[in-house]
Amino acid sequence: DSGVTQTPKHLITATGQRVTLRCSPRSGDLSVYWYQQSLDQGLQFLIQYYNGEERAKGNILERFSAQQFPDLHSELNLRSLELGDSALYFCASSVGTSGGETQYFGPGTRLLVL
Amino acid sequence: KNEVEQSPQNLTAQEGEFITINCSYSVGISALHWLQQHPGGGIVSLFMLSSGKKKHGRLIATINIQEKHSSLHITASHPRDSAVYICAVRFGNEKLTFGTGTRLTIIP
């Protein structure tokens, strides 16, 4: 158990809908990272938050947005869903933001868009 | 372009064999991570390296900065080591870039 929690574990929805994925980091970790893992693209970095502020942005679509709240939990919002958004979404947390630290991964949310 | 390549893509071995998985990258990095993804999907961080060598149990990770290459070794492999092993590198202050993974299967 990494100490990072993600909800829900599974999500099935239809094209055009919107969903919210939630992540709670390990106690004491200030950074939260979001990753997408699809069959054809592998793991890709989406976005990082550090202590409530956006820190780095990766291959995140405009239809996707995220935020980190004062209690440090984070939410990833996906709207106007398309079939290609079906993937495993992971969040990870680390103490700081240097990139040279261990990241602890949550169990992932499996999203299926029909 | 910052690239990460892993080899082999798939590896099947007998229990007890010594395993080596390789990761090469295109330009200088600030950190390299080895991750293990279990068949159920969960990801565990195994090592973070910026130089030298690290060991944890039967796992050893090495990095050669000059050759831009890292290896993950598993000694006395066991069926429970069957997983996908992913190399991820951080180029400077940029985001993590992931390799495509090596699927390891250990046969009893």
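Every number in this text was worked out from the coordinates using simple rules, so none of it is lab data. Just so it is clear, the structure is predicted and the values come from calculations on it, not from any experiment. All Cβ positions, glycine included, derive from the backbone under ideal geometry; neighbour counts span all protein chains shown.
Relative to 2.2 N^0.38 Å, what does the C-alpha radius of gyration of region A:26-73 come to as a ratio? Two decimals please. Taking the Cα Rg and dividing by 2.2 N^0.38 Å, one obtains 1.21. Just so you know, the Rg over Rh for the protein assembly as shown is 0.97, from Cα atoms, with Rh as the Kirkwood radius.
Taking a straight line from the alpha carbon of B:Lys54, these aspartates and glutamates sit under 15 Å away, with near neighbours fewer than eight places off in the same chain left out: A:Glu101. Averaged over the residues of B:30-43, the number of partner chain Cβ atoms lying within 10 Å of the residue Cβ comes to 4. Distance from the Cα centroid of region B:1-69 to that of region A:49-97 is 26 Å (rounded to whole angstrom).
Per residue, the Cα convex hull of region A:50-94 amounts to 86 Å³. Among the trypsin sites (Lys or Arg not before Pro) found in region A:1-97, those both in a DSSP coil and sparsely packed, with 13 or fewer other Cβ atoms within 10 Å of their Cβ, are A:Lys9, A:Arg18, A:Arg63. Spin-label pair B:Ile60-B:Glu3: with each label point 7 Å from Cα along the Cα-Cβ axis, the two points sit 3.0 nm from one another. A viscosity of 1.567 mPa s and a temperature of 4 °C, combined with the Kirkwood radius over Cα pairs in Stokes-Einstein, give a translational diffusion coefficient for region B:1-91 of 96 µm²/s. When only Cα pairs below 8 angstrom with a gap of at least 6 residues are kept, chain B shows a relative contact order of 37 percent. How much net charge surrounds B:Thr102 when only other residues with a Cβ under 14 Å from its Cβ are counted (Lys, Arg +1; Asp, Glu -1)? Residues near B:Thr102 contribute -1 overall.
DSSP finds beta bridges in chain A, and of those with both partners inside it, around 90 percent are antiparallel. Quick one: net charge of B:Leu59's neighbours, Cβ under 13 Å, K/R +1, D/E -1? Within the 13 Å Cβ shell, the charges total +4. Peptide A:52-62 is shielded by partner chain Cβ atoms: per residue, an average of 1 of them sit within 10 Å of its Cβ. Looking at the protein assembly as shown, the DSSP beta bridges with both ends there are about 90 percent antiparallel.
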